[in-house]
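The values are calculated or read from the model by the stated rules, or taken from the named source; none is laboratory data. Predicted model only: the values in this text are computed from it and were never measured. No Cβ is skipped: glycine too gets one built from the backbone with ideal geometry, and neighbour counts run over all protein chains shown. Accessible surface areas use protein heavy atoms only, side chains included; no ligands, DNA or RNA. Shrake-Rupley method; radii C 1.70, N 1.55, O 1.52, S 1.80 Å.
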Amino acid sequence: MEVFRPSTLDEALRLRAEHPQARPIQGGTDVMVELTFGDARPEALLDLSELAELRGFAEEDGLLRLGAGLTYTEAMQTPLASRLPALAEASRTVGSPQIRNRGTIGGNLGTASPAGDALPPLLAERAEVELASARGTRTMPLAEFLLGVKRTALAPGELVTAVRVRPCEGPQTFAKVGQRNAMVIAICSLAVVVDAEAGEVRAAFGSSAVTARCVVVPLAEAAELPERVVEAASPIDDVRATAAYRRHALRVLAARTLERCLRT
Amino acid sequence: MRQVALTVNGMRHELELEPRELLVYVLRDRLKLTGTNVGCDTSSCGACTVLVDGESVKSCTVLGVQADGAEITTIEGLAANGSLHPVQQAFHDHHALQCGYCTPGMVMAAVSLIEHGEATSEAAIREGLEGNLCRCTGYHNIVAAVQDAAGAMGRAR
């Protein structure tokens, strides 16, 4: 197995075009486990962890650009945590400190697991994904980027370079159910955003459909949210939980997070 | 093969690595620093925890080549001038181990937690060590040791 370690984004995009079989990797918290289990045998890895262009975050006119290399540990810290509190809460539930130091937002998007913890808070914030290739850069709504279980709209030659989000005014929070607090894949998860300006409540859930999914209800009908979430879910029975349990837990999480947001 | 330079416990090493070699095996097999254990191979257990540029990571899921240029601290790098690191001393004082297999990773995770100022309460310590499993289930003494060490390191500052 070859490991390419570009030091600039341009070099990474050139390598991406020349070696389409090379698997992009950031902190490796997903990819390395797949390799060790033998679930993946890529001919090559394209290590993006040296790219300064993907690090940290920036804000311009209220639009936040989170670099694909932003770690969960970084997403938990101020000032970002106060702009995107649900993402910070979700980041706190990821793995353990060691995993949060390595794992990245971009990696979570690239893996596109239905259980990706960063996905519900970003979906509920109507985030856009920034995709770059040697041909140029484009953005698309995260909801359109996620196509299925570990399937995305990433085109040949493209890399996820950032997430763009305009944080809305209003409370938001995140909750998840797992078999223990640390180092588990979510049985189900849910982020709620109260968008006062748009007059709506958005809830996005994970681990209960082929992708993380978002549900929107008018603020005046917020009480409907738990039922609407359950209707939108299509969970399955698996080693972690039954579909019936997931529906029940989603209803509880939606009601609980909504109460947290609206009780003030 | 790939030329990689690592600084481990203050000593610089220039190595030729296979791209697929995991950092934990670079430490154990190449550098003979066998204090770092491999428990699960899949980042679940935390036995392989080391510090890379001051941050705790699970070295079984990091490629050696990804650590090129990094400063790494392993359990062997903690004791200085023949005296135990405060966390090691506290583990000794509190008998914070039974079989000892998780201990190097547990100590490294605790060092990171304390150095980041996050070992502020019993609850915070339990949360901060949740990526490290002790299958003898000796958590009680481990948490007591880390609380003690956090106090000692705070006083030393």
Among the residues that make up segment A:114-131, is at least one of them farther than 18 Å from A:K150 by Cα, at pLDDT 95 or above, within 14 Å of chain B (Cβ to nearest Cβ) and outside any helix (DSSP H, G or I)? no
Criterion first (in contact with a helix residue (DSSP H, G or I) (Cβ under 8 Å, 6 or more places away or on another chain) and either free of Cβ contacts under 8 Å to residues at least 12 places away in the same chain or within 14 Å of another protein chain (Cβ to nearest Cβ) (or both)) does A:R102 satisfy it? yes
Scanning segment B:67-81 for residues that are more than 12 Å from chain A (Cβ to nearest Cβ) and either closer than 18 Å to B:A149 by Cα or at pLDDT 95 or above (or both) gives B:E71, B:I72, B:T73, B:T74, B:I75, B:E76, B:G77, B:L78, B:A79, B:A80
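Can you tell which of B:G54, B:G64 is within 14 Å of chain A (Cβ to nearest Cβ), at pLDDT 95 or above, surrounded by fewer than 24 Cβ atoms within 10 Å (Cβ to Cβ) and under 24 Å from A:D30 (Cα atoms)?
Result: B:G54 is the single residue among B:G54, B:G64 that is within 14 Å of chain A (Cβ to nearest Cβ), at pLDDT 95 or above, surrounded by fewer than 24 Cβ atoms within 10 Å (Cβ to Cβ) and under 24 Å from A:D30 (Cα atoms).
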Scope segment B:27-51; condition open to solvent by less than 10 Å² (accessible area, probe 1.4 Å), of a type in the set (V, I, T) and at the interface with chain A (Cβ under 7 Å from one of its Cβ atoms); matching residues: B:T49
Please give the number of the condition A:R100 fails out of (1) farther than 15 Å from A:K176 by Cβ; (2) at pLDDT 95 or above; (3) of a type outside the set (A, V, I, L, M). (1)
Condition first: assigned to a helix (DSSP H, G or I), free of Cβ contacts under 8 Å to residues at least 60 places away in the same chain and open to solvent by 10 Å² or more (accessible area, probe 1.4 Å). Can you find one or more residues in segment B:100-108 that meet it? yes
When the residues of segment B:1-21 are filtered to those that are within 12 Å of another protein chain (Cβ to nearest Cβ) and open to solvent by less than 20 Å² (accessible area, probe 1.4 Å), which remaining residue is nearest to B:A70 (Cα to Cα)? B:V4
Just one listed residue, out of A:T73, A:T29, A:T36, is among the β-branched types (V, I, T) and more than 18 Å from A:T111 (Cα to Cα), and it is A:T73
In segment B:26-69, the residues that are charged (D, E, K, R) and within 21 Å of B:H116 (Cα to Cα): B:D53, B:E55, B:K58
Among the polar types (S, T, N, Q) and outside the structural domain of B:D41 (by TED's automatic domain parsing): is that true of B:T73 in this structure? no
Residues of segment B:109-151 classified as assigned to a helix (DSSP H, G or I) and more than 12 Å from the chain's Cα centre (by Cα), total: 22
List pairs: first in segment B:120-146 and away from chain A (no Cβ under 11 Å) and within 21 Å of B:G39 (Cα to Cα), second open to solvent by 10 Å² or more (accessible area, probe 1.4 Å) and assigned to a helix (DSSP H, G or I), Cβ under 7 Å, 6+ apart or cross-chain? B:V143/B:E122; B:V143/B:R126
Given the conditions (1) in contact (Cβ under 8 Å) with a residue 24 or more places away in the chain; (2) open to solvent by less than 10 Å² (accessible area, probe 1.4 Å); (3) not polar (S, T, N, Q), report the number of the one that A:M32 does not fulfil. (1)
From the list A:A198, A:A223, which one is more than 19 Å from A:V149 (Cα to Cα), in a loop (DSSP other than H, G, I, E, B) and at pLDDT 95 or above? A:A198
Counting only residues that are under 22 Å from A:S96 (Cβ atoms) and in a strand (DSSP E or B), which one in segment A:55-79 is nearest to the other protein chains (Cβ to nearest Cβ)? A:T71
Restricting attention to segment A:203-212, does a residue exist that is in a strand (DSSP E or B), in the same structural domain as A:A249 (by TED's automatic domain parsing) and farther than 25 Å from A:L54 by Cβ? yes
Would you check if there is a residue in segment A:88-97 being free of Cβ contacts under 8 Å to residues at least 60 places away in the same chain, within 23 Å of A:A175 (Cβ to Cβ), open to solvent by 10 Å² or more (accessible area, probe 1.4 Å) and among the hydroxyl-bearing types (S, T, Y)? no
Hey, could you check segment A:35-54 for residues that are buried (at least 21 other Cβ atoms within 10 Å of the Cβ) and more than 22 Å from B:E18 (Cβ to Cβ) and say which is farthest from the other protein chains (Cβ to nearest Cβ)? A:L54
